[in-house]
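The values are calculated or read from the model by the stated rules, or taken from the named source; none is laboratory data. These numbers come from a predicted model, not from an experiment. As a convention, Cβ positions derive from the backbone with ideal geometry for all residues, glycine included, and neighbour counts pool all protein chains shown.
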Amino acid sequence: MTLLLDLILGLAVVGVAVWTLAVRENFPAVIGFVAYGLLLALVWVRLGAVDVALTEAALGAGATGVILLFAVVRLRGGRAEIDAATPGPRQRLAAGILCGVVGLALAVAVLSLPDPAPSQAAAVARHLPELGVANPITGVLMAYRGLDTLLEAVVLVFAVLAIWSMAPDRRWGAVPGPVFPVQSNGPLSLLARLLPPIGIVVGIYIAWVGADAPGGKFQGGTILAAMGILAWVAGLWRLPPVASRGLRWAVVAGPLAFIGVGLLGFVFADGFLSYPPAIAKPLILLIEAAMTLSVAAALVLMVAGPPEGRRA
Amino acid sequence: MAEALLLAAGLILLAALAGLYRALRGPAAADRMMAAQLLCSGGIGALLLVAAATGMAGVVDVALVLALLGAFASVAFVLAARGLSGR
């Protein structure tokens, strides 16, 4: 019974993926992508990787889907430019072959692992109490693979910079993205007033609970960003101009806190990104809190796009 | 009891997957949106049943995130379908 369900779920994921790649129009492709993310989240739960399922649900299906949707709208009417930038059949074939080879190599590597597979899991579980963090995923991400997580955090800042660099000179310093009229009635107005109070609590909860259970800064930050975008598209919240100092600090707060704590490790512990055991948990929570803010700010700015309004 | 809950989760998932046809084939954008929302709702139901059946930590939170972002995504779909700027 379970095997049959797993098989159906697996086939559905692969089927939706193939369909999403094959479909010609943009809007249906984004719907396919969101459906694919949803199904993938279910697959991760089925595999017992609830942390990954949360990330896929929030970032894969939610945030990326909405960023793609906004991209689809922006691409309308740019037929000639899109055609000029679309890779030719040979380039696409080459990319397809490369993806196939990488996928095959990964599959072979996974299938030829010795049984039991080599793992650091036991060592991590043994040292986890020293960090004061009960969720092993957060422990690994913040302590044992801290550098990887730091680089992920910095990438967000670069993504925002890359999008802002698309701004024409005369728009520089203006409000990012379109300005939406205030919705005073209708479903959007209702939803934008009802959902954010709940969503903000849930977002902070998901970020906070990450220390001890599935959750964390990226998932929590995504929910906060979604609530901000909802208020923005309903005209209830105006994005600050890109020249705003507060906005810029919000984007870099997380990476700065991360780097700052990392550098303190040279003085108070064994080196870069090493935490003194006595205050490991407060430091990790500090980074997580600052990162939640930065992830939320960066995602809102990625959806909004480059400054295009009147200069503030 | 746990097996009955898992069976129910499977059935909900199958029903939602049947709606996938409309998400992919349309024909109208509204059909696709509604089918994607059905898949989201079905996913939430299945996850809550799995959480009750297995007691796995955090599965209820995944359902919670899906519920919030599903409502949010429907707004984004509608905005995108009629072109931004809320005109």
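Based on this model, can you work out whether A:Ala122 counts as of a type outside the set (D, E, K, R), surrounded by fewer than 10 Cβ atoms within 10 Å (Cβ to Cβ), at pLDDT 90 or above and at negative phi?
no
Return the residues of the range B:35-46 that are of a type in the set (A, V, I, L, M) and farther than 10 Å from B:Gly10 by Cα; say none if nothing qualifies.
Quick first cut of the range B:35-46, residues of a type in the set (A, V, I, L, M) only: B:35-36, B:38-39, B:44, B:46.
Scanning the range B:35-46 gives B:Ala35, B:Ala36, B:Leu38, B:Leu39, B:Ile44.
Give me the residue from the range B:26-45 that is at the interface with chain A (Cβ under 7 Å from one of its Cβ atoms) and surrounded by fewer than 19 Cβ atoms within 10 Å (Cβ to Cβ) and, out of that set, nearest to B:Gly70 (Cα to Cα).
B:Ala29
So is A:Ile200 within 18 Å of A:Ala297 (Cβ to Cβ), β-branched (Val, Ile, Thr) and buried (at least 21 other Cβ atoms within 10 Å of the Cβ) or not?
So A:Ile200 does not fit the description; no.
Would a scan of the range B:24-43 turn up a residue that is in contact with a Lys or Arg (Cβ under 7 Å, 6 or more places away or on another chain) and either at pLDDT below 85 or on the phi > 0 side of the Ramachandran plot (or both)?
yes
Could you tell me which of the residues A:Asp83, A:Asp115 is modelled with pLDDT under 85, more than 14 Å from every other protein chain (Cβ to nearest Cβ) and part of a loop (DSSP other than H, G, I, E, B)? Walk me through it before giving the result.
Details: A:Asp83 fails: part of a loop (DSSP other than H, G, I, E, B).
So the residue among A:Asp83, A:Asp115 that is modelled with pLDDT under 85, more than 14 Å from every other protein chain (Cβ to nearest Cβ) and part of a loop (DSSP other than H, G, I, E, B) is A:Asp115.
Please enumerate the residues belonging to the range A:163-186 that are exposed (fewer than 12 other Cβ atoms within 10 Å of the Cβ) and either of a type in the set (D, E, K, R) or part of a helix (DSSP H, G or I) (or both).
A:Asp169, A:Arg170
Does the range B:52-67 include one or more residues that are part of a helix (DSSP H, G or I), in contact with a Gly (Cβ under 8 Å, 6 or more places away or on another chain), surrounded by fewer than 16 Cβ atoms within 10 Å (Cβ to Cβ) and not β-branched (Val, Ile, Thr)?
no
With respect to B:Ala23, is the statement that it is within 7 Å of chain A (Cβ to nearest Cβ) and either touching a Phe, Trp or Tyr at 6+ places or on another chain (Cβ under 6 Å) or surrounded by fewer than 21 Cβ atoms within 10 Å (Cβ to Cβ) (or both) true?
Numbers: within 7 Å of chain A (Cβ to nearest Cβ): yes; either touching a Phe, Trp or Tyr at 6+ places or on another chain (Cβ under 6 Å) or surrounded by fewer than 21 Cβ atoms within 10 Å (Cβ to Cβ) (or both): no.
Taking the combined requirement at face value, the residue does not satisfy it.
Do we find that A:Leu93 is modelled with pLDDT of 85 or more and in a helix (DSSP H, G or I) in this structure?
So A:Leu93 passes the test.
List pairs: first residue in the range A:120-145 and under 21 Å from A:Gly265 (Cα atoms), second residue crowded, with 19+ Cβ neighbours inside 10 Å and among the hydroxyl-bearing types (Ser, Thr, Tyr) anywhere in the structure, Cβ distance under 8 angstrom, at least six positions apart or on different chains.
A:Leu131/A:Tyr275; A:Leu141/A:Thr149; A:Met142/A:Thr149; A:Ala143/A:Tyr275
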